[in-house]
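What follows is a single structure, written as structure tokens, with notes after it.
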Amino acid sequence: MNDGASENLFDILATGFPIDRASPAFLLPDGAAVSYGALEIAASKVATCLVSEGVAPGDRVALQAEKSWQGIAVYLGTLKAGAVFLPLNAAYTEAEIAYFLGDAEPALFIRDPDGFVADCADLAPLAPSVPRGADDLAAIIYTSGTTGRSKGAMLSHGNLASNARALVDIWGYSSDDVLLHALPIFHVHGLFISLHCTMLKGCPMIWLAKYDDAEVLAGLARATVMMGVPTFYTRLLAQPGFTKAVADGIRLFVCGSAPLLPSTFDEFEVRTGQRILERYGMSEAAVITSNPLKGERLAGSVGYPLPGVELRIGDGQETGVIEIKGPSVFSGYWRMPEKTAQEFTADGFFKTGDVGRRDPDGRVWISGRAKDLIISGGYNVYPKEVELVLDELPGVVESAVVGAPHADFGEAVVAVVIAKDRTEAELIAACREELAPYKTPKRVVFVDDLPRNAMGKVQKNLLRDRVAGLFV
Ligand code: AMP
């Protein structure tokens, strides 16, 4: 789109801010609120500061901090100044940070956004925004890649704006919505997906520093939309206080960033009468598919591609790597032209690395990451297929299936399981009734918890390390 309107994402978001700028953007747990006007002015003063510090269009501004609304002012101010925002996980160690700073070479690294915003208070707000085109970089998101060097996905103003507009549309966002925001803001889910939809409609956000049972329960009474990762939903369901009455005011529960277990989906529906809307996305493309707002939401399916997204299964296979093309798909990995070239097909599709299949009507099902595929005795084993069988067994709470090096088979299937009162032999025998021998776990390892990253993804690399010595 270019009808003469600014393509700077800051300006696009600001077109959605409420006319009455005194309306709240952030509702804080202590009862205070930060208005859209205050946010806009704070961001515009940050932009002035960046420009006067010599931060040029395209320069990176890195932020590592605990979640605060001032972090969002820094993000928006960075966009307004034409610079590129680089959010870093608050939990990264100094050694990890050193890698990102060395790779991205930011002009500025901010660790105290609250102080930074306060220090800008006496400056004049920047106006107008530094002009940016749709293809200019808005942000670099380092992927939570679990193997190899972390890669910086380069997202443009146009990538992010197109995704936000599509989501507002398909999720039926209106200015009457109130979002419960408990996600971190160093990741696409909390930073772009949740925030942009809400700002495009000028709605308030109940702004929680993190997921907290009591605060989320209290927030639900005032919200209309909640966006979360699967662990938010399992934790909610573990709360006796999470009742149908509490959920009744919410018109939309969205889940993404990691697979939602069908058992969670079902239990949620039994408890609340509502079906969680699961969607699928990644740092490289924001949201790619979504279950429908009005049509059927199915457990275990991530729904249909967003408008404008072309999605196909690689090599024309029935089940294979999902490839995508569309307005939200990133342009490449920061300073990794060769890696970028490997990850795109000759006709411009991005190879997501997720394995999945499509129904004839286009509905998408994901069966896991390609790199998690186990090859045992020459046969392909998709961990998800084994996990689904295990998860249905009485006493099994959750499972994660990985491969372990094996002298005969190359790799052998190992199940890491959270279960009550079950033995290894019983679970193996039960799997054997439903799965071919090569898919049946050779060993079952019991654990109290599965290791997860900040977005609730099971860290299979850690499990692989843990079981690597079982057969060799
Ligand atoms: P990230 O870039 O950290 O957001 O991770 C993206 C990855 O998370 C995707 O490539 C998928 O493997 C996974 N993912 C996100 N949403 C879903 C979902 N709804 N179901 C299954 N996997 C998902």
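Please label the shape of region 83-135 as rounded, prolate or oblate, based on the square roots a ≥ b ≥ c of the eigenvalues of the alpha-carbon gyration tensor (a/c under 1.5 means rounded; beyond that, a/b larger than b/c means prolate, else oblate).
Values: a/c = 3.01, a/b = 1.39, b/c = 2.16.
Cα axes put region 83-135 in the oblate bin.
Work out from phi, with θ = phi - 60° and the Karplus expression 6.51 cos²θ - 1.76 cosθ + 1.60, the ³J(HN,Hα) of each residue of region 10-16, listed in order in whole Hz, and give x for Gly and Pro.
4, 5, 5, 5, 5, 4, x
Can you bin region 374-467 into rounded, prolate or oblate? Criterion: square roots of the alpha carbon gyration tensor eigenvalues sorted a ≥ b ≥ c, rounded for a/c under 1.5, prolate for a/b above b/c, oblate for the rest. Walk me through the numbers before you get to the answer.
Values: a/c = 1.70, a/b = 1.11, b/c = 1.54.
In terms of gyration-tensor shape, oblate.
What does the convex hull of the Cα atoms of region 229-386 come to per residue, in Å³, rounded to a whole number?
Details: hull volume 22.8 nm³, N = 158.
Normalising the Cα hull of region 229-386 by residue number yields 145 Å³.
Return the calculated 222 nm mean residue ellipticity for the chain, to the nearest 500 deg cm²/dmol, obtained by summing -39500 (n - 2.57) across DSSP H runs with n ≥ 4 and dividing by the residue count. Mind showing how you got there, number by number?
Details: 15 runs with 141 residues, N = 472.
The helix contribution divided over the chain gives -8500 deg cm²/dmol.
May I ask for the angle, rounded to the nearest 10°, between helix 424-434 and the longest principal axis of the chain, with both axes built from Cα atoms and the value confined to 0 to 90°?
90 degrees
So, taking all protein chains as they sit and a 1.4 Å probe, how much accessible area belongs to residue 447, in Å² rounded to tens?
Probe radius 1.4 Å; accessible area of residue 447 about 20 Å².
Within 12 Å, Cβ to Cβ, of residue 432, how many net charges do the neighbouring residues add up to if Lys/Arg are +1 and Asp/Glu are -1? Intermediate values should be presented prior to the final figure.
Numbers: positive: 439, 442; negative: 426, 433, 434.
Taking every Cβ under 12 Å from that of residue 432, the sum is -1.
Distance check, please: which entries in 201/294; 294/351; 151/371; 80/151; 67/201 exceed 27 angstrom between their Cα atoms? Before the final figure, lay out the partial values.
Details: 201/294 20 Å; 294/351 30 Å; 151/371 16 Å; 80/151 25 Å; 67/201 22 Å.
Over 27 Å Cα-Cα: 294/351.
If ligands, DNA and RNA are left out, what is the accessible area of residue 235 with a 1.4 Å probe, given in Å² to the nearest 10?
Per-residue accessible area (residue 235): approximately 110 Å².
Using the heavy atoms of the protein chains and a 1.4 angstrom probe, tell me the accessible area per residue for the chain in square angstrom. Kindly include the intermediate steps, with their values, before the conclusion.
On the way: 19100 Å² over 472 residues.
On a per-residue basis, 40 Å².
Sequence gap at least 6, Cα distance under 8 Å: using those rules, report the relative contact order of the chain to the nearest whole percent. Can you show the working numbers first?
Numbers: 979 pairs, mean separation 50.0, N = 472.
The value is 11 percent.
Could you tell me the center-to-center distance, by alpha carbons, between region 113-180 and region 235-294 in angstrom?
Cα centres, region 113-180 to region 235-294: 24 Å.
Taking a temperature of 20 °C and a viscosity of 1.002 mPa s, what whole-number D in µm²/s does Stokes-Einstein yield for the chain with Rh from Kirkwood over alpha carbon pairs?
In µm²/s, the coefficient is 92.
Could you order 136, 266, 3 by accessible surface area, starting with the largest, using a probe radius of 1.4 Å? Provide the component values of the computation, followed by the final result.
Details: 136 55, 266 75, 3 110 Å².
Order by accessible area, largest first: 3, 266, 136.
DSSP loop trypsin sites (Lys or Arg not before Pro) in region 386-435 with at most 13 other Cβ atoms within 10 Å of their Cβ, which ones?
On the way: sites: 420, 422, 432; in loops: 420, 422.
Passing sites in region 386-435 are 420.
The values are calculated or read from the model by the stated rules, or taken from the named source; none is laboratory data. Worth saying up front: this structure is predicted, and the values here are computed from it rather than measured. Every residue, glycine as well, gets a Cβ built from its backbone with ideal geometry; the counts of neighbours run over all protein chains shown. Please note that ligands, DNA and RNA were not included when accessible areas were found on the heavy atoms of the full protein model with its side chains. Shrake-Rupley method; radii C 1.70, N 1.55, O 1.52, S 1.80 Å.
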